[in-house]
Each structure stands twice: as structure tokens, then as C-alpha cells.
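First up is the structure itself, then whatever we jot down about it.
Please treat every number below as a calculation from the coordinates, not as lab data. Keep in mind the model is a prediction, meaning the values are calculated, not measured. Backbone-built Cβ (ideal geometry, glycine too); neighbour counts: all protein chains shown.
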Amino acid sequence: MNQLIEFPLLRSGTGVSVGAASGVKTPGPLPLNVPMILCIGRNYPEHVKEMTRAEGTGAANGAAKPGAAEPGPTVFAKNLASLCLHGDEIVVPKVCQDATRGGPLQVDYEGELAVVIGFGREGEGGAGGRRCRDVSRAEALGFVLGYTCANDVSARWWQKQGSGGQFVRGKSFDTFCPIGPGLWSAASVGDPGSLRLVTRVNGEVRQESSTGAMMYDVATLVSELSKGLTLLPGTVILTGTPAGVGAARTPAQFLKDGDVVEVELSRGSGETLGVLRNRVRFE
């Protein structure tokens, strides 16, 4: 049986309001303080391939399989004001509709598995109560509070041409990080690499993959990101999106006013964990 902890309130700041460091013990509303949103780019091989084709580029940056020579995952951040919840509108600002700045057909969906960091749990790597810094891959999952669905909404012109190739602005407009519909405890999910991820736009499947296809799995990401950087409790990590984004389709299929985007996570058995649903509204 799933342990669903709904979070009706998200607010920025340090710390996470979960009581004991061992994590969440019973379902119920969870006021979650989110100090940081970290995101992983190019973490699914088929997405790397489709974006390489769409952008007409050569080898994709940071896209190699983990090994001795590759530099590590592509990492960027999103503004905390981009957070919104299940049922909220994704509001496309006027600056993303300006014909001189990419025009209205540039806003894209990216369905993802999101990880929420907590304190280390007793009995997992001996890290009970410890903050997530310089953790090994073996103990990394012991610092995961839970998992949820996310949509890394992206304004492609601002992600590329409008910001000198830096992702942050194109990914950080207000409401461009829907998460939800709830938080599933790490214990109830089990292996985060065995989940099915599906994104739909107006009921049409646009993305479908397994989290097992990630080039850098959750344990590797948590360990790598924690090197020299404290992942404070409440930190949200978006783990990357699979193939099927609108920018890589022929012709491109960007989000329009009134579109409804759904991101669903389920177990390999077909049991649905939850569906994040948000309607798009142009300012």
C-alpha cells in the first residue's frame, strides 16, 4: 500500500517540517520548506539523441554513459518562485510570447521523477540524523525523504538563445516547476529505478519511459550533488526527462493556451502512484 504524504503548502526557506529526522511515519499534510531546486539535464539516452538531432549539434554535453572519462551529469537550478502544485495553472508570461524573443511557440513540457531530500535515516548507511553532504552512493538513498512527479516546464528560446546557453532563466519563470500530487515516502516506493514515467498533453501520450533508463540513477545523483554541497532537507532534485519533448518532434509541438499536461508515475506492475495535472494559461 502506498504511503502518500500530500503537501498542500510549499514555501521557500531552509529546513523541512517533517518532525523527526528519521522521516515521515504517517500520511497527512506536509508543509514542506524547499531551500533549493536542482535539476539534471540530458539524463536519458534517447532524449540526448532527440535533442542532438533537433539542435543539429554534435556530441551532447555531459551525456556520456557514466565511466572514467565523462565529466558528470549536467546540473542547473530553478528559481524557487517557479514551484507550483497539482491543479495550479502553468502561467506563460508575456515575455515568453514576445515575437522578438522566440514568440509564443516555445514553451515545452518535461515530465520527470522528483526526489525530495531529508535527513539520513537510521539503519541506512549509519547516517541517522546527518545532513546530506559528501555521502557515498551506497548510503545516498538513506537521505531521500520521498518522491513525486514533476514537470520541468521550459521556454526554449530563453533556455538557449535568450540566456547565452544558460538554462536557468528559461526554466525558472513563475509556475514553471509543478510538482505533486503528493509525496511518496522512500520506503513505500522502494527502488526508484523501477518506475514508469508517462507525460500526456490533452490526453495524448508524449513521453513514456522507465526511470531505469537514466544514465545517472538516483543514488548516483544524490551522492554526486552532495560532494562539497550540503543538500538541505527539503531540497528538490529533478532527475531528467525522457524522449518525446515537444521541441524534438517533427513538426515541433509546443504548449498552447488551454492545454492540460499530465505527468504520471507508476510501478512496473501498473499500479499508479499518482498523476500531476496542470492547465496552461497564457498571460
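Between amide H atoms placed 1.01 Å from N, distances below 5 Å from Gly274 occur with Leu265, all of them 5 or more places distant or on a separate chain.
Other residues lying with their Cβ under 11 Å from the Cβ of Asp191 contribute a combined charge of 0, Lys and Arg counting +1, Asp and Glu -1. What the Cβ-Cβ distance of Asp98 and Leu229 gives, at R0 = 41 Å and to the nearest 0.05, is a FRET efficiency of 0.70.
Mind scanning Lys171/Lys256; Lys49/Lys256; Lys160/Lys227; Lys49/Lys160; Lys49/Lys78 and naming the pairs with a C-alpha gap bigger than 19 Å? As for pairs spanning more than 19 Å Cα to Cα, those are Lys49/Lys256; Lys160/Lys227; Lys49/Lys78.
Cα centroid separation, segment 228-283 to segment 170-201: 7 Å. Near Val34, the amide H atoms lying under 5 Å from its own belong to Arg11, Ser12, Gly13; only residues 5 or more places off or on other chains count, and H is placed 1.01 Å from N.
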